[in-house]
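To start, the structure under review is shown below, and the notes come after it.
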Amino acid sequence: MTSARSAAWFSGILIGALMLLALSPLPVAGDIEARAGAAVAPAVELVRGAIQPITDVAIHAGQIDQLSAENAALRQELSRVQADLASLREGRIATEQAAALVASLGANAGKTITATVILRDPALGRQSVVLNQGSDAGIEVGQPVLGSGATLLGIVTEVNESRSRVRLITDRESAVAALLQSSRTAGSLVGDGDTLWLDFVSLKTTVAPGDVVLTSALGGLLPPGLLVGRVAKVEAPDQELHQRIEVAPLGDLDRIEQVLVMTGFRPGTHLASDDQREGATGGSE
Amino acid sequence: MTAVLVMLALVSAPLQAAITTALVRDPLAAPVIPVALVAAWAAVRRAEETWPAILLPAVVLGVASEERVGWFLIALLPAPLIASVAVRRFRPKVTGFWRRTVTAGGAAALAAVLYASTLAVVGGIGGELPERAGALLATSVASGLLAVLVAACCWPLRPRSRGLFE
């Protein structure tokens, strides 16, 4: 009797799962999933809020040595940056003159909002996070999401009224237009679930570890010049047409808590309207 | 008591999404909380009570993920099945506290490997599983230990034969 009931449960759940998978390509399935997600999100946030203090203690307890070393490195970096600041002030005047030109091209990327990461994708092989802000805050699909130091973390892929999902640049399905800052060579930056690879860079291009990788405006899907990562490893196999360039992301994608969403950016558009320019000069929330 | 388990399982899903991915750098090595809960409950109480307990966690994990709810259901399905088989196999012998908790740990360890392997294959990293056997071992051990702990906590809820005057 008991085993018959277990067999019934097993069969029922298996059939239900297969039916869900079969129906999942239908648009209505995505809609139902989005509604279920919206219904579940408050509970998830409640649990997350309750466990946050424990999580923080557990995370930071194991990182004291790392944080101390990081702190010392940051102090050194700060001293160097202060020295650089003096010379940069001179360059500011020239930059301001160029700013008007830049504004006409990229001012629509200026408006931003901050959001908190409330969930990481629990599925293996997926690199995405859920934010606590959605279309009510001006977030739209395709907008870039930045981390500390204005480094590109990912791109918004799904939005509802109060939540949005961001596909991180290291996700296997992520591909963004990028260029090497030193040589201005463009390529396609793709994720492999763990790190980044810059594809389609010719064997003739000189690339060295440490070179900075920025976003490219090619295709109009991202604002140009966002920091993405540094070249970690370069291989140039003889039998290939392109170099194999591994890029280490500048943002710590494993420990994202607060992010900046570029709500002023509209993928595929370059010219900003007047109010967007105001947003660029006035305003991040 | 099934309702209690269903509620616990419902809470375990956001815990799985929020804690394990924050604490463990490699998601493949993270303990699988719903699996540990189901295995522990089956070992201490009744295995048949655990079947409904995988439905809501699968939905919560599915909507929190880009992966489909159906895949999470299939990934969680071995947990009550293994627990059910283990309990049926060992129940005549498994009577004491330690034997039941160890049964919970073993069932959870095996079910966690199947959960991680299923989602890894679905997520396109199935080919990496042989070289990431260490991570699979970690999820197995962590889930097993967690199940032992949960089973110990659930011990007061075990069904007891009633006496003549109870």
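Data table
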| item | result |
| --- | --- |
| Contacts under 6 angstrom Cβ, first residue in region A:190-210 being in a loop (DSSP other than H, G, I, E, B), partner of a type in the set (Gly, Ala, Ser), 6 or more apart | A:GLY193/A:GLY125; A:PHE200/A:GLY187; A:PHE200/A:SER188; A:VAL201/A:GLY187; A:LEU203/A:ALA236; A:THR205/A:SER183 |
| A:SER24 of a type outside the set (A, V, I, L, M), on the phi < 0 side of the Ramachandran plot, at pLDDT 75 or above and touching a Gly at 6+ places or on another chain (Cβ under 7 Å) | yes |
| Test result for A:ILE139, assigned to a loop (DSSP other than H, G, I, E, B) and at pLDDT 85 or above | yes |
| Spans of helices (runs of 4 or more DSSP H) in region B:40-141 with at least 1 residues at the interface with another protein chain (Cβ under 9 Å from one of its Cβ atoms) and farther than 21 Å from A:ALA22 by Cβ | B:55-63, B:78-90, B:97-122 |
| Options A:VAL130, A:VAL117: the member that is farther than 22 Å from A:LEU221 by Cβ, not assigned by TED's automatic domain parsing to the domain that holds A:VAL47 and not acidic (Asp, Glu) | A:VAL117 |
| Which numbered condition B:ALA75 misses (of (1) surrounded by fewer than 22 Cβ atoms within 10 Å (Cβ to Cβ); (2) modelled with pLDDT of 90 or more) | (1) |
| Yes/no for A:GLN76 being away from chain B (no Cβ under 14 Å) and at pLDDT 70 or above | yes |
| Subset tally (residues that are facing chain A (nearest Cβ under 10 Å), of a type outside the set (A, V, I, L, M, F, W, C) and part of a helix (DSSP H, G or I)) for region B:24-39 | 1 |
| Selected residue (criterion: modelled with the highest pLDDT) from residues of region A:195-216 that are of a type in the set (A, V, I, L, M), surrounded by 18 or more Cβ atoms within 10 Å (Cβ to Cβ) and more than 15 Å from A:THR170 (Cβ to Cβ) | A:LEU214 |
| Filtered residues of region A:17-36 (kept if part of a helix (DSSP H, G or I), among the small types (Gly, Ala, Ser) and at the interface with another protein chain (Cβ under 7 Å from one of its Cβ atoms)) | A:ALA17, A:ALA36 |
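The values are calculated or read from the model by the stated rules, or taken from the named source; none is laboratory data. Please read these numbers as outputs of a predicted model, since none were measured by experiment. Every residue, glycine among them, receives a Cβ derived from its backbone with ideal geometry; neighbour counts consider all protein chains shown.
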